[in-house]
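Okay, so here's the structure we're looking at.
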Amino acid sequence: MTKINGGTAVYNVLKANGIDTVFGLLGGSMLELYDAMYKDGAIKYVGARDERAAGHMADAWARMTGKPGVVLGAQAGPGVVNIVTAVAEAQLAYSPLVVIAGAISRCDHAKDTFQEVDQVALFAPISKKSVLVSDAARLPAMLEDAIRLANSGRRGPVVLHVPRDLFAEMILANDPAPVNIARPGPAAADDLAAIAEMLSGAERPVIFAGGGFKWGKGREALTALAEKLEVPVVASTGHADVMRHGHPWFAGQAGPRGNRVASRLTKEADVMVVLGARLGFNSTFHSNDYVGADIRIAHVDIDGSAVGRYFPAEIAVQADARLTAEALTEAATSPNADVWRKAFQDDWASLMSEREEEAQIATLPMHPRRALAELRDALPTDAIVTLDTGNTCLQGADRLAHYEPLSLITPLDFGLVGFGLAAAIGAKAATPDRPVVAIMGDGAMGYTMIEIQSAIQNKLPIVAVILDNEAWGAEKAYQEEFYGGRLLGAEIQSPRYDEFAKLCGGNGIWVNGPGELGAALTDAINSGQTTVIQAKIDPKALMTLRKDLFKAQDDE
């Protein structure tokens, strides 16, 4: 029988499962796997300059492809520990991430060996599973299990710790097949009938749509349902691309990070059909300020534990969002809700007028909403946007326009600063023919600026737009509003990131004021080069999100 080393066995499993790109940072713990990739060449390797960034790249790649994103923690100890942040991010974003984590050799365990740390315990609370492989012969099967678990049900990260010696050990050659992953079907007929009946009697209906439509490639199904019922649709936080921007029944993002029209719909509706969303904290603050106390809810989600968890559901169903929307389109009839529809359309027209007014703000420094308006108008319809966390990105969460499916990637519930740049690289690796634009603050760029070099070296041209307000904006807003303007640690000085991009071999553009940013974005995309656009924005144009967390502190 033919024998191969463990590294080649791992490569064969990844290749069999359609994983054509992996992310990592070279280390000595799994050089046999790297050698197998080099020899066969069917799997592209994207090298990062920090393992955390490699994890974010794999996370974004997974969200674009629907396959598990694979990140190689190729150095036991510090290299693997660096991935912790990316795993925590993927856990709260429900992204299927498979971390192949190098570990010290079995003979060195529990000897206070160089770079020894309890990796399995470290990742256990922030992953679906964190497990040590102890037998080389079991390595292929355990990797298949990790792929299956990461991409099943409520998706999430799985961390497979592989001792250094297992990659070199010879085992029988494997001939792996793709892992079969079961998918839930639509809601049962009785549940569909009950939801249809609830909708038929509604006077103020709304559909609350979440990430389940993105994972399930369900935009067409959601759009068809909205058009059949003539019912407005709101998106959960971070999923403002579940329907095409400008569709007459799409109200954009709801909740504290959304717009006032969508939020009014979810507060004042009498019936809300929730599909592929949890009604989680980021979208609702778990508060009746965003979901009306008397609303009747039909809740459908792939994660049964989330259904009815935060708000009582009259109809609670564990099922696939896309398949349920398709079935509901056949089963439901349009409710008698013309007054509600007209009010929504009038409110939306008013909001769009406000957005147009924002596009005319001509102050210096540039107002962030003017900057976002210019970006909105200049973004190509097939663009992918990655957004970071921060005050300016908070204002941008519902002010951009997304036209094609899978056009928006955000940190979601982990609220991570420093996510967007690496995520853009991962998205570009998944969809090289679409323009990818990372929008972030100056603080966020400082976390991962070296990954500009990774984009260039890996020939994955992206555009990074830095809206520079010289502050940790969210915290500065709180210090301004609740602490008498006593600023400590809130103001920062960043370098010329546009010049740094040039030093790395890319392009850099400095934007001085209103009227320049949109043109700069168009030029950057057309250049085909990795480009950093740095635009100074008004450091005083901040907004506070959580007014319930703080009380005004009087001077003593």
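From its DSSP helices (H runs of at least four residues, each -39,500 (n - 2.57)), the chain gives a residue-normalised ellipticity at 222 nm of -11000 deg cm²/dmol.
Here residue 137 and residue 434 are evaluated by their C-beta separation; at R0 = 51 Å the FRET efficiency comes out at 0.75.
Segment residue 353..residue 330, full-extension length gain: 4.7 nm, with 0.36 nm per residue of separation and the alpha-carbon distance subtracted.
Length gained on full extension, residue 129 to residue 181, computed as 0.36 nm times the residue gap minus the Cα-Cα distance: 17.0 nm. When you filter the chymotrypsin sites (Phe, Trp or Tyr not before Pro) in segment 386-450 for DSSP loop state and at most 16 other Cβ atoms inside 10 Å of their Cβ, you are left with 403.
As a rough guide to protection, the peptides 464-476, 7-19 ranked by mean Cβ packing within 10 Å, highest first, stand as 464-476, 7-19. Shape class for segment 11-123: oblate, because the ratio a/c of the largest to smallest gyration tensor axis (alpha-carbon atoms, square roots of eigenvalues) is 1.5 or more and b/c is at least a/b. Could you tell me which of rounded, prolate or oblate describes segment 398-556, using a ≥ b ≥ c as the square roots of the eigenvalues of the alpha-carbon gyration tensor, with rounded for a/c under 1.5 and, failing that, prolate when a/b is larger than b/c and oblate otherwise? Judged from the Cα gyration tensor, segment 398-556 comes out prolate (a/c at least 1.5, a/b above b/c).
Segment 500-556 and segment 71-92 have Cα centres spaced 28 Å apart. Whole-Hz Karplus values for segment 466-482 come out as 9, 9, 9, 10, 6, 7, 7, x, 4, 5, 4, 4, 5, 5, 5, 7, 10 Hz, taken residue by residue from phi with 6.51 cos²θ - 1.76 cosθ + 1.60 and θ = phi - 60°; glycine and proline positions read x. Applied to segment 533-547, the Karplus parametrisation 6.51 cos²θ - 1.76 cosθ + 1.60 on θ = phi - 60° returns per-residue 3J(HN,Hα) values of 9, 10, 10, 6, 10, 5, x, 8, 8, 10, 9, 9, 9, 9, 6 Hz, with x for Gly and Pro. Among 161, 56, 286, the order by Cβ neighbours within 10 angstrom, fewest to most, reads 286, 161, 56. From the alpha carbon centroid of segment 409-488 to that of segment 337-358 is 31 Å. For segment 251-329, the gyration tensor built on C-alpha atoms gives a prolate shape. Its axis ratio a/c (a ≥ b ≥ c) is at least 1.5, and a/b is the larger of a/b and b/c. Couplings for segment 222-236, taken from phi via the Karplus curve 6.51 cos²θ - 1.76 cosθ + 1.60 with θ = phi - 60°, read 5, 5, 4, 5, 4, 5, 5, 8, 6, 10, x, 10, 10, 9, 6 Hz in order; Gly and Pro are left as x. DSSP finds beta bridges in the chain, and of those with both partners inside it, around 5 percent are antiparallel. Close amide H contacts of residue 509 (hydrogens built in the peptide plane, cut-off under 5 Å, sequence separation of 5 or more or a different chain): 532, 533, 534.
Computed from the coordinates by the stated procedures, all read-outs in this text should not be read as laboratory data. For clarity, every value in this text was computed on a predicted model and none was experimentally measured. Glycine also receives a Cβ, built like all others from the backbone with ideal geometry; neighbour counts cover every protein chain displayed.
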